[in-house]
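One structure is given below, encoded as structure tokens.
The values are calculated or read from the model by the stated rules, or taken from the named source; none is laboratory data. Nothing here was measured: the structure is a model prediction, and the numbers come from that model. A quick note on method: Cβ atoms are made from the backbone with ideal geometry, for glycine too, and the neighbour counts reach across all protein chains shown.
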Amino acid sequence: MPLYREAISDLTVHLPRRDLRAMILAVRTLYRLGRLPAYRKAVLPRLPEVARFDPGHDAVMMGYDFHLTEDGPRLIEVNTNAGGALLSLLAQHADEASALAGLNNKFKAAFLGPFAEEIRAFSGGRRTRPQRIAILDENPSQQFLYREMQVFADLFRAWGVDADVVDPCRLQAGADGVWLDNRPVDMIYNRHCDFYLEEDAMTGIRAAYLAGSVCVSPNPFAYGLLGDKRRMVLWSDPQALGALGVAEEDAALLLRLVPKSRLLATEKADVLWQERRALVFKPVDRFGSRGVLVGEKISRKRFEQLDPATTLAQQLVPPSLTHGADDDPPMKTDLRLFVYRDRILGIGARLYRGQVTNLRTEKGGFARVRVV
């Protein structure tokens, strides 16, 4: 079964080394910020109860998404259930066989290492690898990245760990643990977009997570600290960063790289309407580009329908462009760093046309990244 070769672009994205350095600095700055006691004291009371629970471990696969500008990179958002790491790897190779061979060598430790560290932290050092992993998503076989999840399952099995790609309805879960087909699951690799485990199908998993009966990674605590788009309001506010005692150098970096972000509920609607052409409106409770509206194209009626409590108004940072053949229109380009804690696991680039990122644009998809 091909690893969705149609999602791979033949184009190459050139990433200036100085921009990569700035992107890595942003990742490490936010990692430190997420552990700053003053930051947690400010953020945790705003989160739902499930996200205030600290499970004592991190998030196996985070994604930091950037657009490149003439003045350097800009951080567009942070994801805790980042997909596309294996497709980004595949994009660096001529075919899937060579990509998987590379994965089974030097990349294997990079991808599997975080899972070992997570279960070690969860178990207090008693275990060095999970016994059984459930790779969780809603209707996974219908997801575009289903094949990628299957490859992760193959990697886990080759590692000596039972693994299955499942919908939450297949799990039997409660405070005393999680089971699949009457066999215990000790780790959930969470690709689901219900970040706070609020849907009915996630009730048992939520109970197991809060009881410490299963290791869930990524988890609501990690999402609440860094993945919830509302955090970008704080990261782009000099007064808020100053009040938290953020180091001057770190604050300057965040204010340069994070586009000015505001929650609709805290702003005057008429003012934002007048400024709309320089803004993009994002639902804070959805993943990636779902529901994103570019201000230049939004109607007054649609603008008035936005939920002020769950809509972020962010300074518009257009994506950079990657050029192919002379007669082809250029492709919009997003860059993603795949991260565990403050370690960079890989780099991905997604090429597309249209308003938002997708993996179905002709000649688009994940592309090779060349640092120059």
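In the set (1) among the basic types (Lys, Arg); (2) in contact with a helix residue (DSSP H, G or I) (Cβ under 9 Å, 6 or more places away or on another chain); (3) within 30 Å of GLU49 (Cβ to Cβ), the condition left unmet by ARG120 is number (2). Here region 304-325 is the region considered, the condition is being part of a loop (DSSP other than H, G, I, E, B) and closer than 21 Å to GLY365 by Cβ, and the residue that is farthest from the chain's Cα centre (by Cα) is ALA325. Count of region 303-315 residues, restricted to those that are surrounded by fewer than 17 Cβ atoms within 10 Å (Cβ to Cβ) and at pLDDT 95 or above, is 1.
Filtering region 123-161 to residues that are of a type in the set (A, V, I, L, M, F, W, C) and either buried (at least 18 other Cβ atoms within 10 Å of the Cβ) or under 23 Å from PHE53 (Cβ atoms) (or both) leaves ILE133, ALA134, ILE135, LEU136, LEU145, MET149, VAL151, PHE152, ALA153, LEU155, PHE156, VAL161. Of note, LEU337 satisfies the criterion of being more than 30 Å from ASP270 (Cα to Cα), assigned to a strand (DSSP E or B) and within 18 Å of the chain's Cα centre (by Cα).
Quick check: is even one residue across region 157-178 in contact (Cβ under 8 Å) with a residue 60 or more places away in the chain and among the hydrophobic types (A, V, I, L, M, F, W, C)? Within region 157-178 (the criterion being in contact (Cβ under 8 Å) with a residue 60 or more places away in the chain and among the hydrophobic types (A, V, I, L, M, F, W, C)), the answer is no, since none of the residues qualifies.
Restricting TYR196, TYR209 to those that are of a type in the set (Ser, Thr, Tyr), touching a Pro at 6+ places or on another chain (Cβ under 8 Å), more than 27 Å from GLY291 (Cα to Cα) and modelled with pLDDT of 95 or more reduces the list to TYR209.
Reported count of residues in region 177-203, each being out of contact with any helix residue (DSSP H, G or I) (no Cβ under 8 Å at 6 or more places or on another chain) and crowded, with 22+ Cβ neighbours inside 10 Å, is 2.
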